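Reading through the structure tokens given below for one structure.
The values are calculated or read from the model by the stated rules, or taken from the named source; none is laboratory data. Treat the numbers as computed from the prediction; the structure is a model and nothing was measured. Cβ placement follows ideal geometry from the backbone for every residue including glycine, while neighbour counts extend to all protein chains displayed.
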Amino acid sequence: MCASIFLDLSLPNAATWFYASFLLAVTLFVRFDRPLSLRNWDIVALWLIIPGLLYLQDGHAMRAELSEPLRDLKRAFSRSDKYFRNGYIWLMAASGYWFLRCMFDLGLEKRPMLPPNISVAGMTCLAASLVVCLTAAAAKKPAEEDLDRTRVPVAVAKANDGAAALVKMKNGQVPKDTAGTRFWIGRAGAVLAHLVVVAGLVMIGARTYGDAMTGMAMGCLYLLLPCTAYDVIKIHHVWPSLFFLGAVYWHRRPAVAGALLGVAAGSVFFPALLFPLWFGFYRGRGAGRFAAGFLAALGLSLGVTAALLSFEGELGQYLKVARSLSDWQAWKAPTAFSIWRGTHWAYRLPVFIAYMAFIVLTMVWPSPRHLGQVIAQSAAVVIGVQFWYAEQGGTYVLWYAPLLLLMIFRPNLTDARPPEIGPGPGPIRSWLIRRLKASGRPPAAVPASS
């Protein structure tokens, strides 16, 4: 009996974690000696998104547990539809607030450093505990809650299948039914993706922001966000954030930043909308290198995806399904769950056109811009997708949550800009000059066009 008492562990439900995580975040990160600071309100406002997700969870749970007689099914579906409608309206309102907050951040220059109410050692201990809890949550979620495989990047899905088959073969089994192995590999991959996001936030805080405590604070707050726990097994929610953080971390290397965004665009498509913004950021400071890295990585990513689908004989079917989806095509009637379901496409199209006008504006405004403004605008671009995306638009909070944390905790970054491109030789000509010097030939033999 005593053993069962001490080992009978159960994770908190969604509502309990919403309140518990909010109180813990306020205790650790709200500076009570500066109650009117913007960062205090930002931390509180992060939790304004979560009630919309709770509404949707209740709606899905209500439909999954329908036990009414047939004559009452219509009434039960009506109740669940009400929860869905309330949830999407709430998420749209929260997304609208954070979009305006990102725009407001473009005019903020002075950002005082406000350390959290806990030491780095304490945050490290807290982060380790949260990782254990998230891992347990991922392991305990039932298989029917797994994400739709059509939403996972093809390369990730195929890597999961290949790893599952390899594990079966190593164990001396024929890789026919690999569902159980895929289950555990998928859960481990999702948790690993969250850990990479946390590591990226810590590294940006330590190197780019120059304060390791700020990095740990961002990592802890990411693990505390309820949306991280709710969607812990959905790797397609966290996948784009890996590349966004990498681009921010290597912002002084245009080719590397472009390659990272190119891989993201080639796997989940919508990060291509960030190209005009980042191209404008590098204008006159390596825009050509950024574009070359982006296009090369985009082509390579699409090529790998096409090769994997062709190997399985699924390329034609995949392209046919992609062309028929209304999720990304605002001129088609939406059919998936979203705030647009049941409305005519003509209502969604003006939102899409206004959003594309905003994308074009990001290429030239503001000019010049520093890294802090790029982070805020990148978050705004990703948030803006939620307004017209017709497949659960508004629920993809983890696409932009790490960027919001970078914006909330950032110091003054007016000097964080790409390095200037001097009048010297380009990278190819510099390499040729070094090779000629090593061989004893004069550098003048190198043509200037290289």
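May I ask you to verify whether Ile89 is at pLDDT 85 or above and closer than 20 Å to Leu405 by Cβ? In short, no.
Screening Ser378 against (1) in contact (Cβ under 8 Å) with a residue 60 or more places away in the chain; (2) in a loop (DSSP other than H, G, I, E, B); (3) of a type outside the set (A, V, I, L, M) leaves a single unmet condition, (2). Is it the case that the stretch 390-404 has a residue that's over 30 Å from Ala217 (Cβ atoms) and among the aromatic types (Phe, Trp, Tyr)? Taking every residue of the stretch 390-404 in turn, none turns out to be over 30 Å from Ala217 (Cβ atoms) and among the aromatic types (Phe, Trp, Tyr). For the stretch 279-295, a residue qualifies if it is under 17 Å from Glu420 (Cβ atoms), out of contact with any Asp or Glu (no Cβ under 7 Å at 6 or more places or on another chain) and either surrounded by 21 or more Cβ atoms within 10 Å (Cβ to Cβ) or not hydrophobic (A, V, I, L, M, F, W, C) (or both), and the qualifying residues are Gly280, Phe281, Tyr282, Arg283, Gly284, Gly286, Gly288, Arg289, Phe290. Restricting Pro226, Pro240, Pro254 to those that are closer than 27 Å to Phe29 by Cα and in contact with a Pro (Cβ under 8 Å, 6 or more places away or on another chain) reduces the list to Pro240.
Residue count for the stretch 250-270, restricted to those that are under 21 Å from Leu405 (Cβ atoms), within 15 Å of the chain's Cα centre (by Cα) and touching a residue at least 40 places away in the same chain (Cβ under 8 Å): 2.
On inspection, Phe358 does not qualify as over 24 Å from Tyr396 (Cβ atoms), of a type in the set (Phe, Trp, Tyr) and free of Cβ contacts under 8 Å to residues at least 40 places away in the same chain.
Kindly provide the set of residues from the stretch 189-244 that are over 14 Å from the mean Cα position of the chain (by Cα), among the aromatic types (Phe, Trp, Tyr) and in a helix (DSSP H, G or I), ordered by number. Scanning the stretch 189-244 gives a single hit, Tyr230.
What do you reckon, is Leu298 surrounded by 14 or more Cβ atoms within 10 Å (Cβ to Cβ) and in contact with a His (Cβ under 6 Å, 6 or more places away or on another chain)? Answer is no for this residue.
Being farther than 18 Å from Leu192 by Cβ and touching a Phe, Trp or Tyr at 6+ places or on another chain (Cβ under 8 Å) is true of Ala247. If the condition is being assigned to a loop (DSSP other than H, G, I, E, B) and modelled with pLDDT of 70 or more, then the stretch 130-152 contributes only Lys141.
Taking Ala307 as the residue in question, decide whether it is farther than 18 Å from Phe352 by Cβ, small (Gly, Ala, Ser) and in a helix (DSSP H, G or I). It is true that Ala307 is farther than 18 Å from Phe352 by Cβ, small (Gly, Ala, Ser) and in a helix (DSSP H, G or I).
Of all residues in the stretch 83-99, none that is farther than 16 Å from Trp399 by Cβ has its Cβ atom under 9 Å from the Cβ atom of a residue that is surrounded by fewer than 16 Cβ atoms within 10 Å (Cβ to Cβ) and basic (Lys, Arg), 6 or more apart or on another chain. The set of residues in the stretch 381-421 being in a helix (DSSP H, G or I) and under 19 Å from Asp211 (Cβ atoms) consists of Pro402, Leu403, Leu404, Leu405, Leu406, Met407, Ile408, Phe409.
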